[in-house]
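Below you'll find the structure, written out as structure tokens, and then a few comments.
The values are calculated or read from the model by the stated rules, or taken from the named source; none is laboratory data. Predicted, not measured: the structure shown is a model, and the values here were computed from it. Note that each Cβ is placed from the backbone with ideal geometry, even for glycine, and that neighbours are counted across all protein chains shown. Note: areas computed on protein heavy atoms with side chains; ligands, DNA, RNA excluded. Shrake-Rupley method; radii C 1.70, N 1.55, O 1.52, S 1.80 Å.
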Amino acid sequence: MRIADYSVTKAVLERHGFTFKKSFGQNFLTDTNILQKIVATAEIDKGVNVIEIGPGIGALTEFLAEQAAEVMAFEIDDRLLPILAETLTDFDNVQVINEDILQADLQERIKGFKNPNLPIKVVANLPYYITTPILMHLIESKIPFSEFVVMMQKEVADRISAQPKTKAYGSLSIAVQYYMTAKIAFIVPRTVFVPAPNVDSAILKMVRRKEPLVTVKDEDFFFRVAKASFVHRRKTLWNNLTNYFGKSDDVKIKLEQALTQAQLAVNLRGEALSIEEFARLADCLWEQFAH
Ligand code: SAM
């Protein structure tokens, strides 16, 4: 029997009198086939350390611990600690850390792996209310995670993996795809969770690129330009950029020059630009405004 078997999950929850906290995004997986597929997608073996976010009662952790060198699992809800101590009692390669992942000093924490030199993969069924902040926190930590295999709302997975000229494409696609390739591995129906969420989920596999997808003069500036370009999705690049940089004649002249230099028409919308074109635009704007 597995922790994720419905009858086991139910018995564990009842024995501990556990009540779900919606504010922590608690939807526990009760499908062992899906868990097996997640671990297979992440290609975990004894040469890999894993960071898990939100182990819950340990459904995924159990599979990870069997296959990985070590698992470091961050769980915000201290009511789950005694449960995890019980469900994961057979493993000596799991550390449960009672901490909000968004507050965690990951650079410091990863020194706690017995073998910190192994590649680190992030594998998790993420709490949906903070999927994007968690991903950005992990990416911006500058830890060279080799891969993320994470479950999230299908709609967010669509946005992260979206290509230009689609409705889902936006600053989130750019922020992630700059560092990582992103591909939906498979869809997970809402029916396999307790309690069932209101939406379907997807497993998104993100693999770190050796180098960022594009080279830019100023990364921070590039991301700000990308974000500003999608503030009003239905407006043109010109409208969004004047909203961001200003509407004075001086600013407009500089904007025009940057767009001409980047060989981009003023009436384009942000969604029409590839990440390479955003990089070109950001560099030309940087010459005009930040230089
Ligand atoms: N991994 C379990 C599973 O698949 O059944 C539980 C997944 S559940 C969607 C999300 C888990 O993340 C919950 O256990 C919740 O308490 C935890 N969590 C929520 N916010 C968190 C945060 N900021 N830091 C760490 N864990 C968090």
For segment 168-237 and segment 105-152, compute the distance between their C-alpha centroids and round to whole Å. 16 Å
Whole-Hz couplings from phi, Karplus 6.51/-1.76/1.60, listed for segment 158-175; x for Gly and Pro: 4, 5, 5, 8, 5, 9, x, 6, 10, 5, 7, 5, x, 5, 5, 4, 5, 4
How big is D for segment 219-290, in µm² s⁻¹ as a whole number, if Stokes-Einstein is applied with the Kirkwood radius of its Cα pairs at 4 °C and 1.567 mPa s? 111 µm²/s
Averaged per residue, the 1.4 Å probe accessible area of the chain, protein heavy atoms only, in Å², is roughly 47 Å²
Just to confirm a number: summing +1 for Lys and Arg and -1 for Asp and Glu over residues other than THR191 whose beta-carbon lies under 13 angstrom from that of THR191, what do you get? -1
Among residues other than GLU147 whose Cβ falls under 14 Å from its Cβ, what is the net charge (Lys/Arg +1, Asp/Glu -1)? +3
Of the options PRO116, THR41, PRO212, report the single residue whose Cα projects farthest towards the positive end of the charge dipole of the chain (beta-carbon charges: Lys, Arg +1; Asp, Glu -1). PRO212
Amide H to amide H under 5 Å from ALA73: which residues, 5+ apart in sequence or cross-chain, H placed 1.01 Å off N in plane? GLU52, GLN95, VAL96, ILE97
Taking 0.36 nm per residue of separation between ASN33 and ILE97 and subtracting their Cα-Cα distance, the length gained on full extension comes to 20.4 nm
For the chain, calculated [θ]222 nm from helices alone, where every DSSP H run of n ≥ 4 adds -39500 (n - 2.57): -10500 deg cm²/dmol
Unit charges on C-beta of K, R, D, E only; dipole of segment 98-217, Debye: 460 debye
With +1 on the Cβ of every Lys and Arg and -1 on the Cβ of every Asp and Glu, the dipole magnitude of segment 219-290 about its Cα centre, in debye rounded to the nearest 20, is 420 debye
Label-zone membership for segment 18-32, site ASP5, 7 angstrom Cα→C-beta point, backbone N under 19 Å: 28-32
Modelled FRET efficiency - R0 30 Å, GLU86 with GLU155, Cβ distances, 0.05 increments: 0.30
How high is the relative contact order of the chain? Use alpha-carbon pairs under 8 Å, at least six apart in sequence, and give a whole percent. 15 percent
Looking at segment 137-177, which GluC sites (Glu not before Pro) are in a loop (DSSP not H, G, I, E or B) and have at most 11 other Cβ atoms within 10 Å? none
Got a sec to turn the phi values of segment 276-291 into Karplus ³J(HN,Hα) couplings, 6.51 cos²θ - 1.76 cosθ + 1.60 with θ = phi - 60°, whole Hz, x for Gly and Pro? 4, 5, 4, 5, 4, 4, 4, 5, 5, 5, 4, 4, 7, 10, 10, 6
Tabulate in residue order the Karplus-calculated ³J(HN,Hα) for segment 201-206, using 6.51 cos²θ - 1.76 cosθ + 1.60 with θ = phi - 60°, rounded to whole Hz; enter x for Gly and Pro. 10, 9, 9, 10, 9, 10
Enumerate the lysines that LYS247 could reach by cross-link, defined here as Cα to Cα under 28 Å, with residues fewer than 8 away along the same chain left out. LYS165, LYS167, LYS217, LYS227, LYS235
Roughly how big is segment 6-208's charge dipole about its Cα centre, with Cβ charges of +1 (Lys, Arg) and -1 (Asp, Glu), in debye to the nearest 20? 760 debye
Lys and Arg at +1, Asp and Glu at -1: add these up for the other residues within a Cβ distance under 15 Å of PRO212 and post the number. -1
Signed unit charges on C-beta, dipole axis of the chain, positive-most listed residue PHE289, PHE18, GLN95: PHE289
What number in nm² do you get for segment 6-208 if you take the convex hull of its Cα atoms and divide its surface by four? 10.5 nm²
Across LYS210/LYS252; LYS10/LYS111; LYS10/LYS142; LYS121/LYS154, pairs whose alpha-carbon gap is larger than 31 Å: LYS210/LYS252; LYS10/LYS111; LYS10/LYS142
Heavy-atom accessible surface of the chain: percent carbon and sulfur, 1.4 Å: 51 percent
If you wrap segment 4-74's Cα atoms in a convex hull and average its projection over all directions, what's the area in nm²? 4.9 nm²
